[in-house]
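The values are calculated or read from the model by the stated rules, or taken from the named source; none is laboratory data. Since the model is a prediction, treat every value here as computed from it, not as a measurement. Neighbour counts are summed over all protein chains in view; Cβ atoms, including those assigned to glycine, are modelled from backbone coordinates with ideal geometry. Note: accessible area is taken over every heavy atom of the protein model, side chains too, but ligands, DNA and RNA are not part of it. Shrake-Rupley method; radii C 1.70, N 1.55, O 1.52, S 1.80 Å.
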Amino acid sequence: MMRAASSWFASRAPREQILLQAGAAVALLAALWFSWQAASGYRAAAAADLASAMQLRDDVARLRAIPVAAAQAASATSDGTPRGAAIAIATQFGLSPSRVEPDGPNAVRISFQPAASQGLYAWIDAVERAGFAVSRIAIIRAGEGDLVQADASVAARRP
């Protein structure tokens with residue numbers, strides 16, 4: 001096969017040989033350029049993924065640093081209902097409920113005014129530790145920084 005290709009190439013006129021060599025060089029350069037572009041895109045995506053993972057790791061470390069003892073004390077001041085626990089724990093973490101309404105026989109739907117996201121995440125953890133379940137939650141970013149608004153449903157856990 002190689003001999004057939006080289007004999008075909010040798011049978012071409014010198015001008016055609018130069019054109020074929022130039023075409024092959026251009027094709028090779030184009031293939032290298034497209035390969036370089038693809039590799040650069042993958043590298044940029046990998047760098048962005050790494051930065052996102054590092055940010056997530058830092059966020060998890062900050063959330064772990066939130067004291068848990070305060071959350072356990074909050075369950076003692078509530079009346080034992082989902083409504084009482086949700087409000088008592090929210091007060092413990094500096095959250096301001098803007099609306100509290102029933103959501104079925106054993107649940108309550110609570111909405112919060114804009115607050116720090118760390119306080120909200122700590123509230124979710126404390127409600128779970130107090131023996132209740134956060135069955136639904138919608139968290140919406142409220143402006144710059146880590147301010148969020150939230151709407152959650154808290155229910156008593158089924159035995």
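A few notes on this one:
- Leading residue by the ranking (farthest from the chain's Cα centre (by Cα)) among those in region 117-129 that are touching a residue at least 24 places away in the same chain (Cβ under 8 Å), open to solvent by 30 Å² or more (accessible area, probe 1.4 Å) and within 16 Å of Pro82 (Cα to Cα): Arg129
- Ala65 vs. criteria modelled with pLDDT under 95 and under 16 Å from Trp123 (Cα atoms): yes
Yes/no matrix, rows are residues, columns are (1) surrounded by 10 or more Cβ atoms within 10 Å (Cβ to Cβ); (2) hydrophobic (A, V, I, L, M, F, W, C); (3) under 30 Å from Ala122 (Cα atoms); (4) under 17 Å from the mean Cα position of the chain (by Cα):
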residue: Leu32; (1), (2), (3), (4): yes, yes, no, no
residue: Gly41; (1), (2), (3), (4): yes, no, no, no
residue: Ala46; (1), (2), (3), (4): yes, yes, no, yes
residue: Ala51; (1), (2), (3), (4): yes, yes, yes, yes
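- Qualifying residue in region 12-27 (condition: exposed (fewer than 10 other Cβ atoms within 10 Å of the Cβ) and not in a helix (DSSP H, G or I)): yes
- Qualifying residues in region 102-116 (those that are open to solvent by 70 Å² or more (accessible area, probe 1.4 Å) and in a strand (DSSP E or B)) - the one farthest from Gly145 (Cα to Cα): Pro102
- Enumeration of residues in region 90-116 that are under 26 Å from the mean Cα position of the chain (by Cα) and not hydroxyl-bearing (Ser, Thr, Tyr): Ala90, Phe93, Gly94, Leu95, Pro97, Arg109, Ile110, Phe112, Gln113, Pro114, Ala115, Ala116
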